[in-house]
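The values are calculated or read from the model by the stated rules, or taken from the named source; none is laboratory data. Bear in mind the structure is a predicted one, so any value in this text is a computation, not a measurement. Cβ sites come from the backbone with ideal geometry, for glycine too, and all protein chains shown count toward neighbours. With ligands, DNA and RNA removed, areas are computed over all heavy atoms of the protein, side chains included. Shrake-Rupley method; radii C 1.70, N 1.55, O 1.52, S 1.80 Å.
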Amino acid sequence: MLWFLRGLRKGVVTTRYPRERDAWTDGLPSPPAFRSDLLTPTLAGRLVDACHSGALRLEGDELVLDLGSCGGCGDCVRLGGEAVYRSGEFELASRDREALVKRIPLGGAG
Amino acid sequence: MNDELRLAGELRERIDGLFGRSLHIRTFDSGSCAVCESELRLLSSPYYDLHRLGLFFTPAPRHADLLLVTGAAVRAADAALRKTLEAIPEPRLVVAVGACALGGVFEEDELVHGRVDDVVPVDVYIPGCPPSPLALLHGLLVATGRLEEKVQALSFDLRREAVA
């Protein structure tokens with residue numbers, strides 16, 4: 001009974017997900033999102049080298065992001081400056097493994 | 001052919017309808033570091049409360065509808081994994097959880113397959129290292145057709161999304 005009253009007083013409630021998305025989920029580790037217009041081949045190469053989990057690779061003039069491999073560590077976000085941001089996405093489940101592979105064109109000069 | 005597709009679609013809907021009210025989950029650790037398991041365990045906490053969505057963990061594969069596999073599919077677990085899947089009555093679903101199970105961490109060698117796909121057919125993939133309990137909930141609801149996939153519409157290219 002005590003835990004119940006304490007819960008009422010503190011307002012501890014079960015998440016309403018999936019009806020509502022909790023505000024704190026913005027802070028969850030999440031894969032990167034890229035500003036492809038600022039993404040130069042040089043920077044992309046550095047990002048690929050920095051990725052611990054091999055989630056990034058270069059294929060021609062595209063940066064390939066495999067969400068299935070990404071652990072959301074955020075190293076590429078720290079390295080990428082204005083070109084890389086946290087995507088804030090956590091609802092990534094898919095029936096199709098290939099749908100988790102994203103191709104980002106390298107748009108930046110240099 | 002069209003008839004078969006239609007029948008398959010109707011069957012899928014019926015299965016989703018039944019699983020949507022009550023789905024029993026058997027977890028299988030195929031060489032995970034146990035962080036995926038710690039997130040899975042959180043689903044039973046009062047905050048996530050997976051029972052409110054008609055989801056339940058069960059230790060018995062015979063009672064399960066869904067096999068949830070974590071880990072990089074070590075070869076030593078092959079027989080156990082296949083037997084666990086066979087013990088689950090049809091219709092059944094297989095969900096691969098975490099970067100290891102999706103082929104993101106370990107490359108195939110004499111010890112591991114590196115991905116769960118290589119051992120059992122996977123219906124839904126949940127990425128993350130580890131996936132948060134909410135990501136797991138989303139994946140389980142996608143597996144039972146109660147939520148739509150989101151990831152296919154995402155490009156992870158901010159410029160393209162700004163234009164669109």
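When A:L106 is tested against (1) under 10 Å from B:F156 (Cβ atoms); (2) touching a Pro at 6+ places or on another chain (Cβ under 8 Å), exactly one condition is not met: (1). Scanning the range B:38-70 for residues that are outside any strand (DSSP E or B), surrounded by fewer than 17 Cβ atoms within 10 Å (Cβ to Cβ) and not polar (S, T, N, Q) yields a count of 12. Any residue at all in the range A:103-110 that's of a type outside the set (S, T, N, Q) and crowded, with 18+ Cβ neighbours inside 10 Å? Taking every residue of the range A:103-110 in turn, at least one turns out to be of a type outside the set (S, T, N, Q) and crowded, with 18+ Cβ neighbours inside 10 Å. Scanning the range B:116-164 for residues that are in contact (Cβ under 8 Å) with a residue 12 or more places away in the chain, touching a Lys or Arg at 6+ places or on another chain (Cβ under 9 Å) and of a type in the set (D, E, K, R) yields B:D117, B:D123. Of all the criteria given as (1) free of Cβ contacts under 8 Å to residues at least 60 places away in the same chain; (2) touching a strand residue (DSSP E or B) at 6+ places or on another chain (Cβ under 9 Å), the one not satisfied by B:C36 is (1).
Per-residue answers, yes or no, for (1) buried (at least 23 other Cβ atoms within 10 Å of the Cβ); (2) more than 9 Å from every other protein chain (Cβ to nearest Cβ); (3) within 22 Å of B:H51 (Cβ to Cβ):
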{"residue": "B:A72", "(1), (2), (3)": "yes, yes, no"}
{"residue": "B:A77", "(1), (2), (3)": "no, yes, no"}
{"residue": "B:L85", "(1), (2), (3)": "no, yes, no"}
{"residue": "B:E90", "(1), (2), (3)": "no, yes, no"}
{"residue": "B:G103", "(1), (2), (3)": "yes, no, no"}
{"residue": "B:E110", "(1), (2), (3)": "no, yes, no"}
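Applying the condition of being within 21 Å of B:L147 (Cα to Cα) and hydrophobic (A, V, I, L, M, F, W, C) to the range B:17-37 and asking which residue is most open to solvent (accessible area, probe 1.4 Å) yields B:L18.
Candidates in the range B:139-158 are the residues that are more than 7 Å from every other protein chain (Cβ to nearest Cβ) and not in a helix (DSSP H, G or I); of these, the one that is surrounded by the fewest Cβ atoms within 10 Å (Cβ to Cβ) is B:E148. For the range A:1-51, how many residues are within 12 Å of chain B (Cβ to nearest Cβ), touching a residue at least 12 places away in the same chain (Cβ under 8 Å) and either open to solvent by less than 20 Å² (accessible area, probe 1.4 Å) or not in a helix (DSSP H, G or I) (or both)? Counting residues in the range A:1-51 that are within 12 Å of chain B (Cβ to nearest Cβ), touching a residue at least 12 places away in the same chain (Cβ under 8 Å) and either open to solvent by less than 20 Å² (accessible area, probe 1.4 Å) or not in a helix (DSSP H, G or I) (or both) gives 12. Within the range A:60-85, restricting attention to residues that are more than 11 Å from chain B (Cβ to nearest Cβ) and over 17 Å from A:P41 (Cα atoms), the residue that is farthest from the chain's Cα centre (by Cα) is A:R78.
Evaluation of A:L63 against the conditions (1) touching a residue at least 60 places away in the same chain (Cβ under 8 Å); (2) open to solvent by less than 30 Å² (accessible area, probe 1.4 Å); (3) touching a Lys or Arg at 6+ places or on another chain (Cβ under 8 Å) shows that the sole unmet condition is (1). Taking first residues from the range B:76-103 that are in contact (Cβ under 8 Å) with a residue 60 or more places away in the chain and hydrophobic (A, V, I, L, M, F, W, C) and partners that are part of a helix (DSSP H, G or I) and crowded, with 18+ Cβ neighbours inside 10 Å, the Cβ contacts under 7 Å between residues at least 6 apart in sequence or on separate chains come to B:I88/B:P61; B:L93/B:A143; B:V97/B:C36; B:V97/B:L136; B:A101/B:V116.
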